[in-house]
Amino acid sequence: MLARRLPTILPNMKLEEALEVTKIYSILGLTSGQYPLMTKRPFRSPHHTITPVSLIGGGAIPKPGEISLAHLGVLFLDELPEFNRNALETLRVPLEDRKVTISRVNTTITYPCEFMLIASMNPCQCGYYGSKEKECTCRPEQIKKYISRISGPLLDRIDIHIEVDGVKYKELETKEKQETSKEIRKRVNHARSIQLERYQKYHIFSNSQLTPPLIEKFCELDSKGKQILEAAFHKLGLSARAYNRILKVARTIADLDGSKKIQEVHLAEAIQYRSLDRKYWGNN
């Protein structure tokens, strides 16, 4: 439910983005005759039985797969461990390169695939491992086998890991006014405008596209921040990739907060989002 609403708070699509997405969909004949231009960010949610070719793209005449159909939008993989492991592992390079190249005997085609990956999973097969409400009935070896279906290198490429508790009935009955998607999108658009202005000389438009040299330039930390990140790096056993991703997430949190510099609170929040994989996968 949350994943399907994510496109409603993402930044509005610019004309150039709409044209890019429309070109991909037109290859497969998926554009509408009445509304030929794709003006909304795509949301793709393939079933866990999907093949690597359908996910990445391919065929005798190479066609775009789900990752390209999710270009500039969201790719949602529900029940992540149920997906074919080979299919999941093929995501590793596209997540880094933001494009996928399909080679055949007579041709080589490259499709863009700059998507936001959202994945969900239970901590075990019964769904109650670590729950405070109900006891898990899975054996330790079953939990280990289930969790190990997701590889460390793939997890390392996911910026944010969040554990979500079950919703209680009183929370469903609350009448407290919640922030609407329209209000959230307004804040997101403001943060995006900050990034567009900051990176206009570098031909990128968001923090996610920062290269290591640009991370060093725009994600500078003070001495206290460096100490916090160094401590987290050693305690959590972070990789170089995770280090860079923490800085980019912290930069985005600071932008949403309207702060020109990354403060300790922004960095601490970003680090918190990298600890869940160590909780469940660290001992497996």
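So here's what we get for this one:
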{"item": "Label-point separation, ARG5 to SER54 (7 Å along Cα→Cβ), nm", "result": "2.9 nm"}
{"item": "Antiparallel bridge percentage (DSSP; both residues within the chain; nearest 5)", "result": "55 percent"}
{"item": "Cleavage-rule hits (GluC sites (Glu not before Pro)) in region 206-249: DSSP loop, at most 13 neighbouring Cβ within 10 angstrom", "result": "GLU220"}
{"item": "Calculated from backbone phi, Karplus (6.51, -1.76, 1.60) coupling profile of region 229-238 in Hz, x at Gly/Pro", "result": "5, 5, 5, 5, 4, 7, 5, 8, x, 6"}
{"item": "Length added when fully stretched, GLU89-LYS145, from 0.36 nm per residue minus Cα-Cα", "result": "18.5 nm"}
{"item": "For LYS63, residues with placed amide H under 5 Å, excluding near neighbours", "result": "GLY58"}
{"item": "Local electrostatic count, LYS23, Cβ distance below 12 Å [Lys/Arg +1, Asp/Glu -1]", "result": "-3"}
{"item": "Per-residue HN-Hα couplings for region 114-123 [Karplus 6.51, -1.76, 1.60; θ = phi - 60°; Hz; x = Gly/Pro]", "result": "8, 10, 9, 8, 10, 10, 10, 7, 7, x"}
{"item": "Part-to-part distance (alpha-carbon centres) for region 34-56 and region 183-245, which is given in Å", "result": "29 Å"}
{"item": "Net dipole in debye of region 181-276 [+1 Lys, Arg Cβ; -1 Asp, Glu Cβ; about Cα centre; nearest 20]", "result": "280 debye"}
{"item": "Residues in region 139-173 reached by a label modelled at GLU96 [backbone nitrogen below 18 Å; 7 Å Cα→Cβ]", "result": "151-160"}
{"item": "ASN106 versus GLU173: modelled label distance in nm, points set 7 Å from Cα along the beta carbon direction", "result": "6.8 nm"}
{"item": "For region 29-34, Karplus couplings with θ = phi - 60° (6.51, -1.76, 1.60), whole Hz, Gly/Pro x", "result": "x, 9, 7, 8, x, 7"}
{"item": "Residue pairs, from the table LYS226/LYS279; LYS182/LYS248; LYS224/LYS260; LYS177/LYS279, whose Cα atoms sit over 28 Å apart", "result": "LYS177/LYS279"}
{"item": "Residues with amide H under 5 Å from that of ALA119, placed H, sequence gap 5 or more", "result": "LEU77"}
{"item": "Mean Cβ count within 10 Å, highest first, over the residues of peptides 160-167, 198-205, 21-28", "result": "21-28, 198-205, 160-167"}
{"item": "Highest-MSF residue in the chain out of VAL100, VAL265, VAL188 [GNM, Cα springs under 10 Å]", "result": "VAL265"}
{"item": "Measure of compaction for region 2-121 (Cα Rg per 2.2 N^0.38 Å)", "result": "1.04"}
{"item": "Estimated dipole of region 125-171 in Debye, rounded to 20 [Cβ of Lys and Arg +1, of Asp and Glu -1, Cα centre]", "result": "200 debye"}
{"item": "Value at 222 nm in deg cm²/dmol, rounded to 500, when DSSP H runs of n ≥ 4 in the chain each add -39,500 (n - 2.57)", "result": "-12000 deg cm²/dmol"}
{"item": "Residues with amide H under 5 Å from that of LYS99, placed H, sequence gap 5 or more", "result": "CYS113"}
{"item": "Unit charges on C-beta of K, R, D, E only; dipole of the chain, Debye", "result": "240 debye"}
{"item": "Zone of SER259's modelled label, taken as backbone nitrogen in region 210-230 under 16 Å from a point 7 Å along Cα→Cβ", "result": "218-230"}
{"item": "Among LYS235, LYS177, LYS260, residue whose mean-square fluctuation peaks in a GNM of the chain (springs only between Cα atoms under 10 Å)", "result": "LYS177"}
{"item": "Approximate spin-label separation GLU82-VAL164, in nm, with each point projected 7 Å along Cα-to-Cβ", "result": "1.5 nm"}
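A short reminder: the numbers here are calculations on the coordinates, not readings from a lab. From a predicted model like this one, the values you see are computed outputs, not experimental measurements. Glycine gets a Cβ as well: all are built from the backbone with ideal geometry, and neighbour counts include every protein chain shown.
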